[in-house]
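The values are calculated or read from the model by the stated rules, or taken from the named source; none is laboratory data. All of these numbers come straight from a predicted model, not from anything done at the bench.
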Amino acid sequence: MKKTLKNFYFFGDSICNNQHVNIDDGFVSKISKKLKKLKKSFTVTNCSVDGRTSRQALEDMPFQIQKHNPEFLYIQLGLNDCNFWDTDKGLPRVNLHSFKYNLIEIIKRGFKHGAKKIFLSTNHKTSLNKNGKYLTPASYEKNNSLYNEAIREVIEFFPNNLHLIDIENIFLKEIKHNKKILKKYLLPDGLHLSILGHELYYKNILKILKKEI
């Protein structure tokens, strides 16, 4: 009898899409290769899009996720939601309240369309501040931390089969004794992951996935 393939979908933004880094160096590609070795019945699909907000992700759900009925789903959003553009005249791309409930609806739709387990990730620390290239009334990193806290709050709505992967705390532990170490995990733009940053993601996420799937 032919073994049924299990679908694992990554649904995120440029961090999952390894922007500015070779495909093979991205943490999603590394996880895909490892899962293929460990669980040969797995097929991994990356539906991530550079610049995506939670609002855009919600609109993409029917075509990219729902029609495929993934058994496992990894969601990572927020770094674009918490950003402030000059054209928005002091408003974030997606306000904090809407961001939280966009995630809740994305997760509900994921479970409704077959997901047995969903992994929701916070975002890593950045080195961006109000003097950087992004317009924001506070530091970009402060906004990032606020949106990360909203991600943690989403977990409370789903007591079963939703797993938090707290990337922010993983990075905080890494830089606890030396904040300058953060630079080695980021590209010069202070936002996107370097090869070492992708490796840190890969090692920590894989530990969790191996236990849960």
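When residues in the range 202-213 are screened for being modelled with pLDDT under 95 and either closer than 21 Å to VAL21 by Cα or assigned to a loop (DSSP other than H, G, I, E, B) (or both), 1 of them pass. I need the full set of residues from the range 166-201 which are in a helix (DSSP H, G or I) and within 22 Å of ILE155 (Cα to Cα), in order please. Matches in the range 166-201: ILE167, GLU168, ASN169, ILE170, PHE171, LEU172, LYS173, TYR201.
Of everything in the range 53-100 that is more than 14 Å from the chain's Cα centre (by Cα) and small (Gly, Ala, Ser), the residue that is modelled with the lowest pLDDT is GLY90.
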